[in-house]
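This report concerns only the one structure given below.
We did not get these values from a lab; they are worked out from the coordinates using the rules stated. Just so it is clear, the structure is predicted and the values come from calculations on it, not from any experiment.
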Amino acid sequence: MSTITQGIDRIPDSLGFLVLNEDGAVLGSGGELENDEVKADIFMNLIQKAAKIQMSADDRTPLKRLSIMYDNFMYVITATSGQVYICKRHHIPTEPANV
């Protein structure tokens, strides 16, 4: 296991991953996101904007996780220790319960 990927390359149902530094440079990548610097820039812009949103007047908690869901896949983004981990995974939405 690479110290850069920290095991993100072994996540079940993973379609691809990116590991970025705090400046948005790609440190590691694989699968459908391998060397995808265009998506890396898009994700960094999104993260920077989302991190500025305060959920309440007294909330100073930094952004840690962000999920972006589509019909068949999702991006799970985690920011920690000056790095951003992005994993593209299969998404199988559950059927709503009909009562």
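One table, with the values for the structure above:
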read-out	value
Phi-based couplings in Hz for the stretch 39-46 (Karplus 6.51, -1.76, 1.60; Gly and Pro marked x)	5, 4, 5, 4, 5, 5, 4, 4
Nonlocal amide H pairs with L27, under 5 Å, H built at 1.01 Å	V19, L20, N21
Nonlocal amide H pairs with H91, under 5 Å, H built at 1.01 Å	F73, M74
Full-extension gain in nm, D71 to A51, via 0.36 nm per residue minus C-alpha separation	4.7 nm
